[in-house]
Amino acid sequence: MRRILLVIIGLVVLAMVFAMQPARKRTPRKKVEDKKVYLVHSDNLHYDQYRNGDAQVLHGNVHFRHQGADLYCDSAHFYQQTNSFEAFGHVKMVQGDTLRLTSDYAYYDGNDQLAQARYNVVLKHRKSTLYTDSLDYDRMYNFGNFFEGGKLVDGTSVLTSDWGEYHTDTKQAMFYYDVRLKDKKMFLTTDSLFYDTQTSRAHIVGPSNITSGSSHIYSENGYYNTKTEQSELFGRSVISDQGRSLIGDSVYHNAKDGTNYAYWNVVYNDTVNKNMMTGDYCEYNDSTGYAMATKRAVTIDYSQQDSLFMHADTFKIYTYNIRTDSVYRVVHAYNKVRAYRTDVQAVCDSLVYNSKDSCMTMYKDPIVWNMGQQLFGEKICVYMNDSTIDWAHVIGQAFSAEQLSDSVHFNQISSKEMKAFFDRGEIREFQAIDNVVIDYFYVDETDSVVTTMNYTECPLFKGFFKNRQMKKLWFEKPTGCYYPLSQLPPGKNPLPGFAWFDYVRPTDKDDIFNWRPKKAGTELKEVKRREPPKRTWNHD
């Protein structure tokens, strides 16, 4: 009894000792990845070492399984030692519910997880299908490589090339050599293209051409979305359509609504109407005909022998009755307008050109120069005929000045309004209307010295020209006097309102960017117009 008691006490003490010791953590066993290829089924199996070496020859409804993928075929050679097999006839590999690969023949290496499919190969991944005759599909890195021509169908988009890659994890396709992308409304050709099947976005990485209807795009770097028909183009890409082209460092194009946006060093060229528009930001809409340019914006008319360059802070073009026989455009140029051509220069605050009546109207302190002549007023309207001036109309505080060869004296005409008529670009008739005042200097033809001045006032004056020389003068009820230069009375010369704005005049096509305002005090004075009497209603 005593021994039994001692044994029990010993066991209790021993248990207490073990209870005081910390419990040992069990080290979990490492899960060994099973890389083995398993034969699931075959109607018939046999060995023929003489004909097939170490291969198991399988016939009828062959089914393999390897790391989440099921592989089927009509017959196969199974090499257990190398963990591989060859598959023949109606080869099919299925991985989950997103990937399906079919072919006439395939070799599968279980160690590298590489399937080499040949002949009538079809790779279906979600909504995209790749057709080719030679495809190596790497299950470890989730991409297929084709090298004997391939076609990728993604919705309505069909992409073909000589060789390329398709990544099932990122849904990215890379195509090289003779690449062609066709969609319902567009056709793209290039040598290198990356395509995202998830977003239907093509990345252009080389010289590429995109055609859509009459529109054509050339780019060497950019993106095109086949679903939204939107383009993001870089590196001096070009968009052209029926004689019009748009170039910029960055160009954004939407084929659905016809909008185009271009940034930095932008050039818009209309070869049909022979004019250009440049700037660092431009917009153009193919559907509405609306265009806008700003940031060092310039329009260039090259329809004549000499080009006309015009700068303003902003240009806007509106097109009316587009795609009809009665189409016409209205151009707005505003804030610090300056224009230069070899034979004519102009400045004003704002300008509007309407192609319907071929009229260009200059507002707020407009000035026009032609050779040694200067013309200004409150508003100047210039009417064109086939890009050549037909006639001009100066309205309000009209003033014409002509600098003589001695650069000191000026022939001057002041009136309420003036009209000038041209023939093939050369003036043939000039009219000064209402409150006409004229200073005209006579030059001695012998020594080219100014001798006298004629001062005339009349309600209407007309001058007729030939070869830019005045040949005939006509006055209505004139009053005036001849004065020797030494006896000019005060107030007769110069005429009230006279100013020579040669310091404002653009000197060349680059000077149009340099705005120089009139000197203080030489601006046109605001004239209050008489308002028509208000109509009163008799309620009796």
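The values are calculated or read from the model by the stated rules, or taken from the named source; none is laboratory data. Computed from a predicted structure; not experimentally measured. Neighbour counts run over all protein chains shown; Cβ positions are idealised from the backbone, glycine included. Ligands, DNA and RNA are stripped out before the accessible areas are found, and what is left, the full protein with its side chains, is counted by its heavy atoms. Shrake-Rupley method; radii C 1.70, N 1.55, O 1.52, S 1.80 Å.
Name the pairs whose Cβ atoms lie under 7 Å apart, with the first residue in the range 465-494 and under 16 Å from Phe430 (Cβ atoms) and touching a residue at least 12 places away in the same chain (Cβ under 8 Å), the second of a type in the set (A, V, I, L, M) and open to solvent by 100 Å² or more (accessible area, probe 1.4 Å), and 6 or more positions between them or separate chains?
none
Go through the range 60-152 and tell me which strands (runs of 3 or more DSSP E), entirely inside it, have 2 or more residues that are aliphatic (A, V, I, L, M), open to solvent by 60 Å² or more (accessible area, probe 1.4 Å) and modelled with pLDDT under 95.
Passing ranges: none, list empty.
If I filter the range 279-299 down to residues being more than 12 Å from the chain's Cα centre (by Cα) and of a type in the set (S, T, N, Q), which single residue comes out as nearest to Ile512 (Cα to Cα)?
Per the stated criteria, the residue is Thr299.
I'm trying to understand the selection: among the residues of the range 463-481, which are open to solvent by 50 Å² or more (accessible area, probe 1.4 Å) and among the aromatic types (Phe, Trp, Tyr)?
Phe464, Trp474, Phe475
Tally up the residues in the range 342-364 that are β-branched (Val, Ile, Thr), in a strand (DSSP E or B) and either at pLDDT below 90 or open to solvent by less than 30 Å² (accessible area, probe 1.4 Å) (or both), please.
Of the residues in the range 342-364, 2 are β-branched (Val, Ile, Thr), in a strand (DSSP E or B) and either at pLDDT below 90 or open to solvent by less than 30 Å² (accessible area, probe 1.4 Å) (or both).
Being under 32 Å from the mean Cα position of the chain (by Cα) and not polar (S, T, N, Q) is the filter here, so list the residues in the range 353-381 that pass it.
Tyr353, Lys356, Asp357, Cys359, Met360, Met362, Tyr363, listed by residue number.
In the range 281-300, what residues are farther than 16 Å from Ala333 by Cβ, open to solvent by 10 Å² or more (accessible area, probe 1.4 Å) and part of a loop (DSSP other than H, G, I, E, B)?
Once the filter is applied, which keeps residues that are farther than 16 Å from Ala333 by Cβ, open to solvent by 10 Å² or more (accessible area, probe 1.4 Å) and part of a loop (DSSP other than H, G, I, E, B), the range 281-300 yields Asp286, Ser287, Thr288.
Within the range 482-502, can one find any residue that is within 60 Å of the chain's Cα centre (by Cα), over 18 Å from Val437 (Cα atoms) and surrounded by 13 or more Cβ atoms within 10 Å (Cβ to Cβ)?
Yes, the range 482-502 contains at least one residue that is within 60 Å of the chain's Cα centre (by Cα), over 18 Å from Val437 (Cα atoms) and surrounded by 13 or more Cβ atoms within 10 Å (Cβ to Cβ).
Open to solvent by 80 Å² or more (accessible area, probe 1.4 Å) and either over 30 Å from Tyr195 (Cβ atoms) or among the hydrophobic types (A, V, I, L, M, F, W, C) (or both): does that describe Lys36?
yes
Do we have any residue at all in the range 317-325 that's open to solvent by less than 60 Å² (accessible area, probe 1.4 Å) and among the acidic types (Asp, Glu)?
No, the range 317-325 contains no residue that is open to solvent by less than 60 Å² (accessible area, probe 1.4 Å) and among the acidic types (Asp, Glu).
Please find, within the range 245-260, the residue that is nearest to the chain's Cα centre (by Cα) out of those that are open to solvent by 40 Å² or more (accessible area, probe 1.4 Å) and either closer than 15 Å to His203 by Cα or at pLDDT below 90 (or both).
If we take residues in the range 245-260 being open to solvent by 40 Å² or more (accessible area, probe 1.4 Å) and either closer than 15 Å to His203 by Cα or at pLDDT below 90 (or both), then Tyr252 is nearest to the chain's Cα centre (by Cα).
May I ask you to list the residues in the range 196-240 that are over 25 Å from Tyr166 (Cα atoms) and open to solvent by less than 20 Å² (accessible area, probe 1.4 Å)?
Matches in the range 196-240: Ser215, Ile217, Ser237, Ile239.
List the pairs whose first member sits in the range 414-436 and is closer than 13 Å to Ile389 by Cα, whose second member is open to solvent by less than 30 Å² (accessible area, probe 1.4 Å) and of a type in the set (Phe, Trp, Tyr), and whose Cβ atoms are under 7 Å apart, counting only residues at least 6 apart or on separate chains?
Correct list of pairs: Ala420/Phe430.
Which residue pairs have Cβ atoms closer than 6 Å, lie 6 or more positions apart in sequence or on different chains, and pair a first residue in the range 303-329 that is in a loop (DSSP other than H, G, I, E, B) with a second residue that is charged (D, E, K, R) and surrounded by 15 or more Cβ atoms within 10 Å (Cβ to Cβ)?
Short answer, once both residue conditions are applied: Ser303/Lys274; Asp306/Arg341.
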